[in-house]
Amino acid sequence: MKNDIPDIGKEYVEYMSEETKKSNPDILLYGSTVYGKISSDLDVSFIVKRFDNDEYERIKKLTIDFQKQHKMNLDDEVPYSSKLVYTDADVENMLKNTPFRKVNGIYRITPIEKTPEFLSSKEMKYRLLLNILTTRSLTLQGDDEKIDAYRQKAWDLLVRIIISYNELSEVDLEHFIQLLYRDEKTDRDGEMFLGYKTNIKQKQLDLEDDCERTFDRLVKNGKLKKQPSGKFKPSEDWER
């Protein structure tokens, strides 16, 4: 996917090269910038083996300076501490434990609260990470094979969460996609739910394509069974 990287992403990697040449992090570009909306803020995240506070502060300052130089919007409603730098341990922990807790064996997706406490919480940080890995984020630099493995695991987790949260015995693909956009229990959607938006047509098409590919893969892996009705049923031995 490197050929699809917009110029602003290439410029950012070059701008950060002095800071990142030793740690060689994975850098992911996500959000509307992937689709050419360079007037918005730069949605970018680092995945590193480890980092200290000084490294984080340098990355944060450089990222903010880069956006200012390009007259991009600065969006710090969600603090940079919740979205800019993740460790590989963060990713593994999110994939293993999910951003959501279980109650009586069922995942509960808590409502987004636009408070400083919630937006800076580990739950918010992991919710963002799950969204980054299940949308068409671009690897600006790093280990494509590792990131693709993370993406597959994130999609597996997302399917389990949606089926469990909505207490579905089976689901069709179209309904599943609708459940990503809007919570039928609370009517919350977009950034107030799981972060999937319908604001860019190509983004919608990409999400539909990724859902279809994921369901096909899960059927091949025996985790979903396609019914004669065309709906998909989780296998009994797949944790929900």
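The values are calculated or read from the model by the stated rules, or taken from the named source; none is laboratory data. Not measured: the values here are computed from a predicted model. Neighbour counts run over all protein chains shown; Cβ positions are idealised from the backbone, glycine included.
Here 86, 56 are screened, and the one residue that is touching a Leu at 6+ places or on another chain (Cβ under 7 Å), surrounded by 13 or more Cβ atoms within 10 Å (Cβ to Cβ) and closer than 17 Å to residue 128 by Cβ is 86. Within segment 201-218, residues that are at pLDDT 95 or above have Cβ atoms under 8 Å from residues that are among the acidic types (Asp, Glu) in these pairs: 214/156; 218/156, counting only partners at least 6 apart in sequence or on another chain. Annotation: residue 202 fulfils all but one of (1) farther than 30 Å from residue 21 by Cα; (2) among the polar types (S, T, N, Q); (3) assigned to a loop (DSSP other than H, G, I, E, B); the unmet one is (3).
Criterion applied to 57, 14, 19 was being touching a residue at least 24 places away in the same chain (Cβ under 8 Å), over 19 Å from residue 148 (Cβ atoms) and of a type outside the set (Ser, Thr, Tyr), and the one residue passing it is 19. Of all residues in segment 160-186, those satisfying the criterion of being closer than 19 Å to residue 219 by Cβ and without any contact (Cβ under 8 Å) to a residue 24 or more places away in the chain are 162, 168, 174, 175, 179.
Among residues of segment 230-240 being touching a residue at least 24 places away in the same chain (Cβ under 8 Å) and part of a loop (DSSP other than H, G, I, E, B), the one that is farthest from the chain's Cα centre (by Cα) is 230. Screening the candidates 186, 139, 198 for the property of being of a type in the set (Val, Ile, Thr), exposed (fewer than 14 other Cβ atoms within 10 Å of the Cβ) and closer than 25 Å to residue 40 by Cβ yields one hit, 198.
Number of residues in segment 183-202 that are under 21 Å from residue 35 (Cβ atoms), of a type in the set (D, E, K, R) and out of contact with any helix residue (DSSP H, G or I) (no Cβ under 6 Å at 6 or more places or on another chain) equals 2.
Pairs are defined by a Cβ separation below 6 Å, a sequence spacing of at least 6 or placement on different chains, a first member in segment 71-92 that is over 21 Å from residue 154 (Cα atoms), and a second member that is part of a helix (DSSP H, G or I) and not β-branched (Val, Ile, Thr); the pairs so defined are 74/67; 78/119; 80/60.
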